[in-house]
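The values are calculated or read from the model by the stated rules, or taken from the named source; none is laboratory data. This structure is a prediction, so every number in the text was calculated from the model and none was measured. FYI the Cβ positions are ideal-geometry reconstructions off the backbone, even for glycines, and counts take in every protein chain you see. Heavy atoms of the whole protein, side chains included, go into the accessibility calculation; ligands, DNA and RNA do not. Shrake-Rupley method; radii C 1.70, N 1.55, O 1.52, S 1.80 Å.
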Amino acid sequence: ARALCGEPDSAAVLLDEAQRIQPIGRHFDMSRHLAEIELNRVVGRTAAAVHAARAGVAWAQQAGMVGEEAQALEAWLRIAPSHEIAARLGELASLTDSELVACLAEYARAAADPDADALLAVSDRFGLMGACWLAAEAAAAAAAGFEAGDRTRAAKSAARKATDYAERCDGGR
C-alpha cells in the first residue's frame, strides 16, 4: 500500500520488516510478493519487479491458489503485458467462476495486443464490479492506445474515464 501511495522508502522498510519477522512461508506470502513487485516497479527496477512477479506466480501455483496466482499475474501485467500472462490468466479463468479473474484475462489479452477498444470495454466491466483502480488503469491504457492511433476524441474520453475511476481510489497514485 505504501508503494502504491508513492512512498517507496517507507514501503521498503515495511517489506524488510515483514520478511525479517516472518521467514516461514504462510498463506499471506502473496502479500509480501505483491509488496516486493510494487516497490520494485515504483522505484524503476523493472527486472526485479518481473522476477518478484514470477516468484509470486510460482509460489501460488505450488500452493494451488488460483486467486493469488491471478493477483501476481495482474501485478506482472502492469509491468510488462504479454501473451504469456494473458494465456495463463485465461487458463485460470477456466478453473474458477470468479468474474474478476475472467475480466483480468480479458484485460491481459487487450493489453498484450494492444487493443484500445477492448481495453475501454474491460475498463467498464471492472468499473461495474467496483474494481476502480483496475478500471482506471485499463481506461488509461485505452487512452494511450487511442492517442497512438490518432483517435483524439476517443483518447480524451478514455482519459476522462480513467480520471473518474482514479478519483474513487483513496491514496493511489
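The table below lists the values:
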read-out	value
Local electrostatic count, Ala86, Cβ distance below 13 Å [Lys/Arg +1, Asp/Glu -1]	-4
Solvent-accessible heavy-atom area per residue, rounded to whole Å², over the chain at 1.4 Å	53
Summed residue charge, Cβ within 14 Å of Val101's Cβ, Lys/Arg positive, Asp/Glu negative	-4
Nearest-10 value in Å² for the accessible area of Met129, using the 1.4 Å probe	60
Area of Trp59 that stays accessible when all protein chains are in place (1.4 Å probe, Å², to 10)	50
Burial order of peptide ranges 89-97, 119-127 (average beta-carbon count within 10 Å, highest first)	119-127, 89-97
Heavy-atom accessible surface of the range 34-96: percent carbon and sulfur, 1.4 Å	52
Viscosity 1.567 mPa s, 4 °C: Kirkwood-radius Stokes-Einstein D of the chain over Cα pairs, µm²/s	78
Residue-count net charge about Gly145 - beta-carbon cut-off 14 Å; Lys, Arg +1, Asp, Glu -1	-1
